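Here the structure comes first, spelled out in structure tokens, and everything after it is commentary.
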Amino acid sequence: GFPRLYHLIPDGEITCIKISRTDPHESLAIRIVGGSETPLVHIIIQHIYRDGVIARDGRLLPGDMILKVNGMDIKNVPHNYALSILKQPCHVLRLTVLREQRYRCRNSGLSLDAHCNRDDSFHVVLNKSSPDEQLGIKLVRKADEPGVFIFNLLEGGMAARDGQLQENDRVLAINGHDHRYGSPESAAQLIQASEKQVHFVVSRQTRQQTPDLLQETGWSYSAGGSQPCPAERNNPGKSTLHTVTCHEKVVAVRKDHTESLGMTVAGGASNREWDLPIYVISVEPGGVISRDSRIKTGDILLNVNGIDLTGVSRSEAVALLKNTNSSVVLKALEMRACEAQEEQCHLPPPEDTQVTSESSEWSPSWVMWLGLPRYLYSCKEIVLRRNTSGSLGFSIVGGYEEHTGNKPFFIKSIVGGTPAYNDGRIRCGDILLAVNGRNTSGMMHACLARMLKELKGKITLTIVSWPGTFL
């Protein structure tokens, strides 16, 4: 249903695109996931709705990372900070994006000597404590120069602790293999193949006029105004995975038997593409719920008069809520943003954070769903089949690391034409809970990656999927 303009965004390269819209407030009609408080780190497009601004433009795909918005850097910021930037009205939207590497590696076969003798090249050796240890380096291509560049260094990772490599360094060689015209994919293979040490030859531009890796090209833009959340951006150590907390409450209200409760709910089992809890999207002013004031927009409804609402459809929940007498007892979960985040970002209340294109009713943020207790997860089992050595077709982030602790595994990207892509149910931002019944909680990233690579035949993935934040 999209225009076929995907080829204008090359794989593994940072690209700047300009999107015009007549109405500066028009919805982008996309869902996004990610943020610095999650293992995804970057802001990633989860879904693109037909006929929206992004779909009409036709260049972006689910899985694309948004690095800058109108010149403002969002490549390592909290989810809600990125939302505040993306939601700013404008007639011309300039996005700096990165699409993950998807093509096969190729060998250039060129001599290394000419480039290694340049004055700006130097050697860096990183020693692994185990063959599976990750260096904590993200490598990308640049649109205007050949070769592979260091995009960022994972905070606390081996390369960051070593301190010799920097963002925007160009990788000329890895363990003696010429990489001046190599790809990030082949670089990753060489690094993973090294059991004890990885020997880099890199060059670094030190001239002041050299643009950084994410500098836009082909247009200029001056971002006016201050960034709304500098304290949160500049202190990533305070970010946690759950930026919301849950508070259970029991609310008893009385009403006339002819009155309705005066609230609208959404969610439920088989709610469009997701199975969701029942939640309140609006409260009618002056109604029973409004007068009581304890049930709020965004609350998750757990039961009514002792009847469980988890796992029911929206229509079933509405029938149960309508079929009440003069006394109604509601058990609910109230979702609250973490106080530190509210103080630093001065975010608007939940009622104002998200508006859907269909109506003016409240819509949850992706990070709100991440804060729900495990018993409200609606897990699905997806069976993929691999009978050859080919890829399952998705990348993962997260897992246990000594310097960051234990984090869930998230699906980061999905590659076209693979079993995961062809199945159609796996999305960027999904949480991978188990593989063939084995719980992934507490596993190291390298351990799960190796297990997924080695499995053959029928592979069962247990996944929980939450809708990304709608923009």
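The values are calculated or read from the model by the stated rules, or taken from the named source; none is laboratory data. Small disclaimer: the values here were computed from a predicted structure and weren't measured. Please note: Cβ atoms are built from the backbone with ideal geometry, for glycine as well, and neighbour counts cover all protein chains shown. Ligands, DNA and RNA are excluded from the accessible area calculation, which covers all protein heavy atoms including side chains. Shrake-Rupley method; radii C 1.70, N 1.55, O 1.52, S 1.80 Å.
Output ³J(HN,Hα) for the range 182-188: one whole-Hz value per residue in order, computed from phi by the Karplus curve 6.51 cos²θ - 1.76 cosθ + 1.60 with θ = phi - 60°, and x for Gly and Pro.
Listing the rounded values in order: x, 10, x, 5, 5, 4, 4 Hz.
How much of the accessible area of the range 12-74, probe 1.4 Å, is carbon plus sulfur, in whole percent?
Numbers: 850 of 1830 Å².
It is 46 percent, rounded to a whole number.
Defining a contact as two alpha carbons under 8 Å apart and six or more residues distant in sequence, what relative contact order in percent does the range 245-337 show? Please list the in-between numbers first.
Numbers: 196 pairs, mean separation 38.1, N = 93.
Relative contact order comes out at 41 percent.
What does the charge add up to near ARG386, with Lys and Arg as +1, Asp and Glu as -1, over the other residues with Cβ less than 12 Å from its Cβ? Walk me through the intermediate numbers first.
Details: positive: ARG385, LYS453, LYS456, LYS458; negative: ASP423, GLU454.
Net of charged neighbours comes to +2.
Out of the trypsin sites (Lys or Arg not before Pro) in the range 19-89, which ones are loop residues according to DSSP with at most 14 other C-beta atoms within 10 Å?
Values: sites: ARG21, ARG31, ARG50, ARG56, ARG59, LYS68, LYS75, LYS87; in loops: ARG21, ARG50, ARG59, LYS75, LYS87.
Sites meeting the loop and neighbour criteria: ARG50.
Whole-Hz ³J(HN,Hα) for each residue in the range 438-443, computed from phi via Karplus 6.51 cos²θ - 1.76 cosθ + 1.60 with θ = phi - 60°, x for glycine and proline: what do you get?
8, 5, 8, 4, x, 6
Gain in length, HIS25 to SER282, computed as 0.36 nm per residue apart minus the alpha-carbon separation, to one decimal in nm? Please report the intermediate quantities before stating the final value.
Values: separation 257, 0.36 × 257 = 92.52 nm, distance 2.20 nm.
The span from HIS25 to SER282 would gain 90.3 nm if fully extended.
What part of the accessible area of the range 121-203, given as a whole %, is carbon or sulfur when the probe is 1.4 angstrom?
On the way: 1650 of 3620 Å².
The C+S portion of the solvent-accessible surface of the range 121-203 is 46 percent.
How high is the relative contact order of the range 121-203? Use alpha-carbon pairs under 8 Å, at least six apart in sequence, and give a whole percent.
Details: 162 pairs, mean separation 33.0, N = 83.
Once divided by the residue count of the range 121-203, the mean separation gives 40 percent.
Ordered by residue, what ³J(HN,Hα) values in Hz, to whole numbers, does the range 258-268 give under the Karplus form 6.51 cos²θ - 1.76 cosθ + 1.60, where θ = phi - 60° and Gly and Pro are x?
8, 7, 8, 5, x, 8, 10, 10, 9, x, x
Going by Cα centres, the range 56-85 and the range 283-335 are how many Å apart?
Value for the Cα centre distance between the two parts: 36 Å.
Amide H neighbours of THR469 under 5 Å, at least 5 residues apart or on other chains, H built in the peptide plane: list them.
When sequence neighbours closer than 5 places are left aside, the close amide H contacts are ILE32, TRP366.
Find how much the distance from TYR375 to ARG450 grows on full extension, using 0.36 nm per residue of separation minus their present alpha carbon separation; answer in nm with one decimal.
Values: separation 75, 0.36 × 75 = 27.00 nm, distance 2.94 nm.
Between TYR375 and ARG450, full extension yields an extra 24.1 nm.
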